[in-house]
Ligand SMILES: C[S@@+](CC[C@H](N)C(=O)[O-])C[C@H]1O[C@@H](n2cnc3c(N)ncnc32)[C@H](O)[C@@H]1O
């Protein structure tokens with residue numbers, strides 16, 4: 001998924017509010033830009049961004065960014081590395097987290113780039129991201 005259609009992603013979407021149902025993927029990788037909204041990753045932004053990823057990942061969330069983050073969105077740290085990407089460079093944090101078993105979708109953003117989604121999050125019918133992932137649906141064969 002990417003917000004920029006020119007990258008030819010499978011899905012055009014915003015990582016602040018990923019358009020997928022709970023536990024849609026085994027692993028979700030967050031490799032955001034190092035500029036703009038993602039340059040200064042304060043605690044509130046980390047919580048918001050990682051909560052969306054934790055909601056749609058059932059086994060693991062991977063974070064790759066110059067900002068080292070701490071236990072976001074009730075996830076457990078699994079493993080982590082500092083990655084040197086050049087001879088003289090800003091290093092990257094490569095961190096693996098395990099999402100919690102009990103989790104809720106984000107219902108409201110208090111600050112940051114995703115507040116624009118609050119008007120849709122608050123509508124009574126919710127957003128059409130699906131209640132259950134396809135993997136949990138049993139096919140009815142009729143036998
Ligand atoms: C560091 S690159 C990641 C490249 C990708 N991992 C790859 O190997 O092709 C960051 C990407 O995040 C995308 N991006 C920026 N803001 C985004 C957002 N809010 N939601 C989803 N993608 C976003 C950019 O368009 C850019 O393609």
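The values are calculated or read from the model by the stated rules, or taken from the named source; none is laboratory data. Being a predicted model, the structure only gives us computed values, none of them experimental. No Cβ is skipped: glycine too gets one built from the backbone with ideal geometry, and neighbour counts run over all protein chains shown.
None of 29, 61 is without any contact (Cβ under 8 Å) to a residue 60 or more places away in the chain and buried (at least 19 other Cβ atoms within 10 Å of the Cβ) except 61.
Counting only residues that are on the phi > 0 side of the Ramachandran plot and outside any helix (DSSP H, G or I), which one in the stretch 2-49 is farthest from the ligand (Cβ to nearest atom)?
Going through the stretch 2-49, the residues on the phi > 0 side of the Ramachandran plot turn out to be 8, 23, 36.
From what's left, outside any helix (DSSP H, G or I): 8, 23.
Values: 8: 10, 23: 20 Å.
Residue satisfying both the conditions and the ranking: 23.
All conditions in (1) under 15 Å from the mean Cα position of the chain (by Cα); (2) part of a strand (DSSP E or B); (3) exposed (fewer than 12 other Cβ atoms within 10 Å of the Cβ) hold for residue 107, with the sole exception of (2).
The set of residues from the stretch 40-65 being in contact with a strand residue (DSSP E or B) (Cβ under 8 Å, 6 or more places away or on another chain) and at pLDDT below 95 comprises just one member, 41. Scanning the stretch 70-85 for residues that are away from the ligand (no atom under 14 Å from the Cβ) and at pLDDT 95 or above returns 75, 76, 77, 78, 79, 80, 81, 82, 84.
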